[in-house]
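This report refers to the structure that appears directly beneath it.
Computed from the coordinates by the stated procedures, all read-outs in this text should not be read as laboratory data. Because the structure is predicted, anything quoted here is derived from the model rather than measured. Every residue, glycine among them, receives a Cβ derived from its backbone with ideal geometry; neighbour counts consider all protein chains shown.
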Amino acid sequence: MRRLLDSYPVYWVNTIGTRTPRLNLATLRRGLEKLRNWTRRSEPNESLPPNLQVLHPFMWPWFSSSFDRGINRRLLGRALVPLVRSLPAPPIAITTLPIVADLMDVLPVRHWVYYCVDDFGEWPGLDGDALRRMEEKLVRRANILVAVSETLKDHLATMGHRPSHLLTHGVDLEFWRKPAEDRAISQLVGLERPLIVFWGVVDRRMDIAFVQRLAAELTGGTIVLAGPEVDPDPALFSIPRVIRIGTLAFEELPYLAREAAVLVMPYADMPVTRAMQPLKLKEYLATGKPVVVRDLPATREWADCMDMVDTAEKFAQAVGSRLRMGLPPSQQAARARLAGESWSEKARAFERWILTTESARDAVYCS
């Protein structure tokens, strides 16, 4: 969306999320965050790029029943219908989440685009049945479908026998290669080197056996987990040498990568990980650091750029090998094709599919 702001006004709508609230600390923190956002309803214009507005409409944090969905349809409609009607022309509505499916009945937009980035029905901790029902409605009604992986293209086809565009994630090479200044990550101070680093959501998608085997074979160093924790397996945090540093600002991640000896993605092999297209895969590769990942559909296209394994034993061996020998020249050379994976290129493809025939003054609504 940032690449399209020069040509199109964008109204970015932050929704409540997809995880059912629970009586735990994570839900409390998330609830407080949403309450802070709701008190201001929108971001101050001076803090945003030109042509972008960010909105925080009130929402009900449940979706399982028709009653729950009806509440959200009314809340979102009350917040967004007046905005859409005030625009000079009906905008295009783009969503990455099935939870807005019921809004299609009330929002007077030109057409709907479903940009499918995950199989939310398979995510651990989510109400899979409710999300699948909403996604099926979204797929039937959307005018244009876009998927970030071949697996998700197949997933969309099973619901509506509809064609979809493939748009894999991009990467900003300069952002990941630029850290020249000395900026310390305070959470890393005092940790035993070398650092084996994972960043992203820490949840049940992580393969505990992979982390346990790696920790058992390390004779030194620290396994660093950076990112929000969403109901992870408690056993993960009793593994020796595993340190959690919490969420970092996105701008800090290149500096975290600079401190790492190896970057890892120890995901489990399960339906949700077979469907996903991790944003961090190309980010990892762009840093110039050795990368070791689980063998999954999304990682196979880049197998020549990193080490790809399918067992805990091979994972520990591959990390150990990269700690000793660093990044092989063959993997470094293979990463040259990242130059064709920029977000600017992805935005141009996206624009060709859904925006080329639209007037530049038309707004794009995102959720």
(request) Using DSSP, restrict attention to beta bridges with both residues in the stretch 173-340 and report what percent are antiparallel, rounded to the nearest 5. (result) 5
(request) Have a look at the DSSP beta bridges in the chain and tell me what percent are antiparallel, nearest 5. (result) 5
(request) Please give the calculated 222 nm ellipticity per residue for the chain, where each DSSP H segment of at least 4 residues contributes -39500 (n - 2.57) and the sum is spread over every residue; nearest 500 deg cm²/dmol? (result) -10500 deg cm²/dmol
(request) Would you please give the FRET efficiency between residue 251 and residue 62, computed as 1/(1 + (r/R0)^6) with r the Cβ-Cβ distance and R0 = 30 Å, to the nearest 0.05? (result) 0.30
(message) Relative contact order of the chain, please, whole-number percent, based on alpha carbon pairs below 8 angstrom and at least 6 residues apart.
(response) 20
(request) Run the dipole for the chain about the Cα centre, Lys and Arg Cβ at +1, Asp and Glu Cβ at -1, nothing else charged, and hand back the magnitude in debye, nearest 20. (result) 720
(message) Give me the one-decimal nm value for the distance between modelled label points at residue 71 and residue 237, 7 Å along each residue's Cα-to-Cβ direction.
(response) 2.9
(request) Quick one, could you list the DSSP H helices from the chain stretching 18 Å or more along their long axis (Cα atoms) with average Kyte-Doolittle hydropathy of -0.5 or above? (result) 66-86, 312-325
(request) Please order 56, 111, 169, 161 by the number of other Cβ within 10 Å, starting at the fewest. (result) 161, 111, 169, 56
(request) Express in % the proportion of alpha carbon pairs of the stretch 228-275 at distances exceeding 17 Å. (result) 52
(message) Taking amide H atoms as placed 1.01 Å from N in the peptide plane, list the residues 5 or more away in sequence, or in a different chain, whose amide H sits under 5 Å from that of residue 267.
(response) 207, 294
(request) Averaging over all projection directions, find the projected area of the Cα convex hull of the stretch 173-340 and quote it in nm² with one decimal place. (result) 9.2
(request) Using a 10 Å cut-off on Cβ atoms, rank the peptides 213-225, 89-101 from the highest mean neighbour count down. (result) 89-101, 213-225
(request) Between the alpha-carbon centers of the stretch 215-241 and the stretch 48-67, tell me the distance in whole angstrom. (result) 34
(request) Please list, in chain and number order, the residues 5+ apart from residue 54 or on another chain whose amide H is under 5 Å from its amide H, with Hs placed from the backbone. (result) 12, 43
(request) With a point put 7 Å past each Cα toward its Cβ, work out how far residue 333 is from residue 5 in nm, to one decimal. (result) 4.0
(request) Filter the cross-link list 289/314; 178/282; 178/314; 153/289; 137/280 down to pairs whose alpha-carbon distance in this structure exceeds 27 Å. (result) 178/314; 153/289; 137/280
